[in-house]
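The values are calculated or read from the model by the stated rules, or taken from the named source; none is laboratory data. On a predicted model such as this, the values are computed, not experimentally measured, just so you know. Quick reminder, even Gly has a Cβ in these numbers, built from the backbone with ideal geometry, and neighbours come from all protein chains shown. Only protein heavy atoms, including side chains, enter the accessible area calculation; ligands, DNA and RNA are left aside. Shrake-Rupley method; radii C 1.70, N 1.55, O 1.52, S 1.80 Å.
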Amino acid sequence: MKLVSYIYNGNEQCGILMDQYVYPTSGMEMPGTMSGLLSGWEEWYPRLVVIHNEIVAGKYSNRLELDSIELLAPVPRPTSCRDGYAFRQHVSAARRNRKVPMIPEFDAYPIFYFTNHNSIQGPGAIRCMPDHFQKLDFELEAAIVIGKGGRNIKAAAADAHIAGLVIMNDLSARTLQMEEMLLNLGPAKGKDFATVIGPWLVTLDELSNFEIAPKENHTGKNWDLKMTCSVNGVQVSAGNLGDMDWTFAEIIERASYGVDLYPGDIIGSGTVGTGCFLELNGTGKLNDPEYKEQWLQDGDEVVMEIEGLGTLKNTIIAENTDWSILTLKK
């Protein structure tokens, strides 16, 4: 099923999405917010399945038209946000473009970094400061939402901890990112201003027909889902979630080692191959020294689509200021 978070009459609410209508969970003897549902996911998910089937049978009339509500991020205030590095194609291309060999450690263990869970947002405007426009980039990804918490979770059992999948756009200010990573820290300021997820959370039962085997010598579910990104109506990126080398289950195993994962935690896949301007520009310049780089600009519309997960639309908006931290360097 598909679950949305939204604003209605000034209040945050959660609902089941079906056929362009949203059925509020608050009228179903269940929590009325996504955080409430996720905090008791093992209890509430079976109830959601029953209600979903009753909606299909026409037993619920309390509903809102999807176009009449303001969508939020499916999980408006996640308990944490990690982002992985799971696509070998992206890592290999990025290193080739920098004229450095593929790093063998990629095939040895999955990695991730923490980003700002308080900067998670959904569809709509993305407000950016002047320094963000110094090589502003999108990153086409999917992400999981943890529904069942745990600690020291083995990969073989990790898929049971996933509530569902969302589209993720890991916005990146490349000049800030590369500057701080010269000191072998980060990414931080290059990433912390906005991470977009949405438009809704799709539970794993709805994706069962897309399941495929993981790559050889890997463990966990994978899904054959086409991924695209367009900027101002022009497609710039295409890939497939099934190209993940490291699975979400394996990333969960590493993330939970000696650490508690909580319902509402977000974990991104990392960028799909061709899934950002940094990679696309590097490949273009490698093949043609006259290649003109492209970066996101004020007013650009970014549209990401992943088969089965929906379409996520955002517009880049410049803040009305000239304040720059890049100019503060000593």
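Out of TYR85, TYR109, which single residue is within 25 Å of LEU176 (Cβ to Cβ), aromatic (Phe, Trp, Tyr), open to solvent by 50 Å² or more (accessible area, probe 1.4 Å) and touching a helix residue (DSSP H, G or I) at 6+ places or on another chain (Cβ under 8 Å)?
Every option except TYR85 fails the conditions.
Against the condition under 25 Å from ILE266 (Cβ atoms), at pLDDT 95 or above and open to solvent by less than 80 Å² (accessible area, probe 1.4 Å), how does GLU54 come out, does it pass?
no
Show the residue pairs meeting these rules: Cβ distance below 7 Å; 6+ apart or different chains; first residue within region 185-214 and touching a residue at least 40 places away in the same chain (Cβ under 8 Å) and open to solvent by less than 70 Å² (accessible area, probe 1.4 Å); second residue part of a helix (DSSP H, G or I) and among the small types (Gly, Ala, Ser).
Final answer for the pair search is ASP192/SER119; PHE193/SER119; ALA194/SER119; THR195/SER119.
Let me spell it out: the conditions are (1) in a loop (DSSP other than H, G, I, E, B); (2) surrounded by fewer than 17 Cβ atoms within 10 Å (Cβ to Cβ), and THR283 meets all of them except one. Which number is the exception?
Here THR283 clears every test but (1).
Which condition number in (1) surrounded by 22 or more Cβ atoms within 10 Å (Cβ to Cβ); (2) assigned to a strand (DSSP E or B) is the one that ALA249 fails?
ALA249 satisfies every listed condition except (2).
Count, please, the residues in region 28-51 that happen to be in a helix (DSSP H, G or I), of a type outside the set (Ser, Thr, Tyr) and surrounded by 14 or more Cβ atoms within 10 Å (Cβ to Cβ).
Going through region 28-51 one residue at a time, the tally reaches 9.
Please verify whether region 164-171 includes one or more residues that are part of a loop (DSSP other than H, G, I, E, B), closer than 26 Å to SER208 by Cβ and touching a Ser or Thr at 6+ places or on another chain (Cβ under 8 Å).
No; the residues of region 164-171 include none that is part of a loop (DSSP other than H, G, I, E, B), closer than 26 Å to SER208 by Cβ and touching a Ser or Thr at 6+ places or on another chain (Cβ under 8 Å).
Check ARG98, ARG77, ARG127 and return the single one that is open to solvent by 10 Å² or more (accessible area, probe 1.4 Å), of a type in the set (D, E, K, R) and touching a His at 6+ places or on another chain (Cβ under 9 Å).
Within the list ARG98, ARG77, ARG127, the selection yields ARG77.
For region 58-115, give me each residue that is touching a residue at least 24 places away in the same chain (Cβ under 8 Å) and among the charged types (D, E, K, R).
Residues satisfying the conditions are ARG63, GLU65, ASP67, GLU70, ARG77, ARG82, ASP83, ARG88, ARG96, ARG98, ASP107.
Quick check on my filter: what residues within region 112-124 are among the β-branched types (Val, Ile, Thr) and either in a strand (DSSP E or B) or surrounded by fewer than 17 Cβ atoms within 10 Å (Cβ to Cβ) (or both)?
Passing the criteria: only ILE120.
Filter region 215-246 down to the residues that are of a type in the set (Gly, Ala, Ser) and surrounded by 19 or more Cβ atoms within 10 Å (Cβ to Cβ) and list them by number.
Once the filter is applied, which keeps residues that are of a type in the set (Gly, Ala, Ser) and surrounded by 19 or more Cβ atoms within 10 Å (Cβ to Cβ), region 215-246 yields GLY220, SER237, GLY239.
Only residues in region 35-50 that are within 13 Å of LEU3 (Cα to Cα) count as the first member; pair them with residues that are of a type in the set (S, T, N, Q) and part of a helix (DSSP H, G or I), Cβ under 7 angstrom, at least 6 apart or cross-chain, and list the lot.
LEU37/THR25
Looking at GLY84, GLY122, GLY164, can you tell me which residue is within 13 Å of the chain's Cα centre (by Cα) and more than 24 Å from MET1 (Cα to Cα)?
Going through GLY84, GLY122, GLY164 in turn, just one is within 13 Å of the chain's Cα centre (by Cα) and more than 24 Å from MET1 (Cα to Cα): GLY84.
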